[in-house]
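The values are calculated or read from the model by the stated rules, or taken from the named source; none is laboratory data. Computed from a prediction, not measured in an experiment: that's the story for all the values here. Because the Cβ atoms are built from the backbone with ideal geometry, glycine has one as well, and the counts that use them run over all protein chains shown. Remember, those area values only see protein heavy atoms, side chains included, never the ligands or the DNA or RNA. Shrake-Rupley method; radii C 1.70, N 1.55, O 1.52, S 1.80 Å.
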Amino acid sequence: MKYEVVIGLEVHAELSTGSKIFCGCSTEFGGEPNTRVCPVCAGMPGTLPRLNRAVIDYAVRLGLALNCEITRRCKFDRKNYFYPDLPKAYQVSQLYLPICRDGSLEIESDSGMKTITIREIHMEEDAGKLIHEGGETYMDFNRCGVPLLEIVTQPDFRNADEVNAYLEKLREILKYLEICDCKMQEGSLRADVNLSVRRRFGESGEPEEYGVRTEMKNLNSFKAISRAIEYESQRQIELIESGGTVIQETRRWDDEKGESHGMRSKEDAQDYRYFPEPDLLPLEIDEEWLERIRANLPELAHLKRERYIGEYKLSAAEAAILTEHKNISDLFEAVTRESGSPIESARLLLGEVMRLMNTTNTLPEDLKLDPSKLSYLIRQVEGGKINRDALKQATEAVFVSNAEPADYIAENQLEMLSDDTLIAEKAQSVIDANPGAVEDYHNGKTKAFGFLMGQVMKQLAGSGNPEIAKRLLLELLQKT
């Protein structure tokens, strides 16, 4: 408690547009190196950029979702530097008039509820990728020009739990807005951690001014982020305690070794020699454009959770699981809409469907199920046509082979018997064959009824309607 950790985040989200920010090259991940490159994104002399309108729409969507002020007149700037993965020797970004400013996001972590301030969101182009093999370094420019949104927070975080809670919620919002696939393993969501420590003074524990910060890069998972924060916090504290000085620098996180290494001294804005991008006109976002984007914003996950609990009477845990992935939430709502039964829809998805996803290693984003087929099965259960075991069996057939549920039920004779006469005959034969159990039932032994009921269902080969069987068995026992 002698020191307080202070953290700010810069999150880079690659946008799910079909083409790059300033040219028509594909943004699809992968591909042979340097096959998705044209003279514009390769930075050839004499080429001119042309802004992708979808990038602006996506930026405004995120800004509205994060309670930002939208900059109605914004512009691009050149950030001048040379790295091998940036062939133009400058990056088109936004410094002076970013498209979104002064937003907020409320998070909940082990520390409680907290509001994180979003300083700005700006648009920019991504750089290429360096590939290190056998002591050589190769350059792949496929990623050059892929549109990015950089979401920059104020230094509001005090521990890794808060950072991860923020990233989880931000990822959730990005996916619900359908503007980023958030695949950290592919680099489409990346976070840089700016971290410093400062002493606390006196009995009140008031901290001193902000310490010198470092920026950590190469963080490609939430686990790596937590480990990097723990390591860098301890490194800075030990350095200060030993009489050393923290220097402002960019550090690379090595997750295998569990440590960070200095890369370069941290540049300030003046070192990049920013100036207005001369090849792009300023942007004017009028009221009509803004309102059109606002009107098409989807219902976000936290609002869905509240609605599921209030309208559908689901538990908080059920609502949380159903809204964790947009694809699952969309499927749940479609099944609920067609079946008219949110409780049964939730039960089926949270139970059998998720069991099948686990056993087949199916990711939520890859789940493709026909909601009308699941709705049909739910109506069959509620209508007393099939039992729960048949529901599980038919659901698996739909999941694995997209079977037609009506045909599958008929072919496998899964429909329950509801013939009162036949069921009554079976129940009477069970009563006649088990006089001891009948006597126990009349003497108040409740387990005896369970035994008799089990025998009736056995006589019906498990296909009898249990509600009808129960009713008829009780009626016959009362006469015995």
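Confirm whether ILE378 is at pLDDT 95 or above, more than 23 Å from LYS183 (Cβ to Cβ), more than 22 Å from the chain's Cα centre (by Cα) and open to solvent by less than 20 Å² (accessible area, probe 1.4 Å). Taking the combined requirement at face value, the residue satisfies it.
Answer with yes or no whether ILE229 is closer than 24 Å to TYR166 by Cβ and modelled with pLDDT of 95 or more. For ILE229, the condition - closer than 24 Å to TYR166 by Cβ and modelled with pLDDT of 95 or more - is met. With a requirement of 2 or more residues that are within 26 Å of MET44 (Cα to Cα), the strands (runs of 3 or more DSSP E) lying completely within region 74-133 that satisfy it span 77-80, 90-93, 112-125, 129-133.
Scanning for something assigned by TED's automatic domain parsing to the domain that holds VAL11, open to solvent by less than 40 Å² (accessible area, probe 1.4 Å) and aromatic (Phe, Trp, Tyr), does region 196-210 turn up at least one residue? No; the residues of region 196-210 include none that is assigned by TED's automatic domain parsing to the domain that holds VAL11, open to solvent by less than 40 Å² (accessible area, probe 1.4 Å) and aromatic (Phe, Trp, Tyr).
Checking ALA334, ALA319 one by one, the residue that is open to solvent by 10 Å² or more (accessible area, probe 1.4 Å) and either in contact with a Cys (Cβ under 9 Å, 6 or more places away or on another chain) or assigned to a helix (DSSP H, G or I) (or both) is ALA334 and no other.
Can you report the number of residues in region 71-114 which are in contact with a strand residue (DSSP E or B) (Cβ under 6 Å, 6 or more places away or on another chain), of a type in the set (S, T, N, Q) and open to solvent by less than 10 Å² (accessible area, probe 1.4 Å)? Residues in region 71-114 being in contact with a strand residue (DSSP E or B) (Cβ under 6 Å, 6 or more places away or on another chain), of a type in the set (S, T, N, Q) and open to solvent by less than 10 Å² (accessible area, probe 1.4 Å): 2 in total. Could you tell me which numbered condition GLU306 fails, if it satisfies all but one of (1) closer than 24 Å to VAL381 by Cβ; (2) within 20 Å of the chain's Cα centre (by Cα)? Here GLU306 clears every test but (1). Taking region 396-480 and the helices (runs of 4 or more DSSP H) fully enclosed by it, the elements with 2 or more residues that are surrounded by fewer than 16 Cβ atoms within 10 Å (Cβ to Cβ) and at pLDDT below 80 are at 420-433. Got at least one residue in region 332-349 being over 20 Å from TYR308 (Cβ atoms) and among the aliphatic types (A, V, I, L, M)? No, region 332-349 has no match at all. Taken over region 337-366, the residue count meeting the criterion of being in contact with an Asp or Glu (Cβ under 7 Å, 6 or more places away or on another chain) and not in a helix (DSSP H, G or I) is 1. Residues in region 174-196 that are in a helix (DSSP H, G or I) and in contact with a Leu (Cβ under 6 Å, 6 or more places away or on another chain): TYR176 only. For the structure I just gave you, tell me whether LEU239 is part of a strand (DSSP E or B), of a type in the set (A, V, I, L, M), in the same structural domain as CYS100 (by TED's automatic domain parsing) and open to solvent by less than 70 Å² (accessible area, probe 1.4 Å). Spelling it out, it is not the case that LEU239 is part of a strand (DSSP E or B), of a type in the set (A, V, I, L, M), in the same structural domain as CYS100 (by TED's automatic domain parsing) and open to solvent by less than 70 Å² (accessible area, probe 1.4 Å). Report yes if SER260 is at pLDDT 95 or above, of a type in the set (S, T, N, Q) and surrounded by 16 or more Cβ atoms within 10 Å (Cβ to Cβ), otherwise no. So SER260 fails the test. Just one of the listed residues (LYS313, LYS304) is part of a loop (DSSP other than H, G, I, E, B) and out of contact with any strand residue (DSSP E or B) (no Cβ under 9 Å at 6 or more places or on another chain), namely LYS313.
Being at pLDDT below 95 and not in a loop (DSSP other than H, G, I, E, B), is that true of even one residue in region 202-211? Looking through region 202-211, at least one residue is at pLDDT below 95 and not in a loop (DSSP other than H, G, I, E, B). Whether any residue in region 153-161 is assigned to a strand (DSSP E or B), more than 16 Å from HIS12 (Cα to Cα) and not β-branched (Val, Ile, Thr) is what I want to check. Yes; the residues of region 153-161 include at least one that is assigned to a strand (DSSP E or B), more than 16 Å from HIS12 (Cα to Cα) and not β-branched (Val, Ile, Thr).
Listed by first and then second residue, the pairs with beta-carbon distance under 8 Å, at least 6 apart or on different chains, first residue in region 217-228 and part of a loop (DSSP other than H, G, I, E, B), second open to solvent by less than 80 Å² (accessible area, probe 1.4 Å), are ASN220/MET184; ASN220/GLY187; ASN220/ARG190; ASN220/ASP255; SER221/MET184; SER221/ASP255. In region 36-50 there is no residue matching the filter, namely being under 28 Å from LYS175 (Cβ atoms), without any contact (Cβ under 8 Å) to a residue 24 or more places away in the chain and surrounded by fewer than 16 Cβ atoms within 10 Å (Cβ to Cβ).
When SER188 is tested against (1) more than 18 Å from VAL5 (Cα to Cα); (2) open to solvent by 30 Å² or more (accessible area, probe 1.4 Å); (3) of a type in the set (Gly, Ala, Ser), only condition (2) is not met. Filter region 14-35 down to residues that are over 22 Å from TYR138 (Cβ atoms) and touching a residue at least 60 places away in the same chain (Cβ under 8 Å) and give me whichever is surrounded by the most Cβ atoms within 10 Å (Cβ to Cβ). Selected residue: ILE21.
Looking only at region 264-275, decide whether some residue is of a type in the set (A, V, I, L, M, F, W, C), assigned by TED's automatic domain parsing to the domain that holds GLU124 and free of Cβ contacts under 8 Å to residues at least 40 places away in the same chain. No - not one qualifying residue is present in region 264-275.
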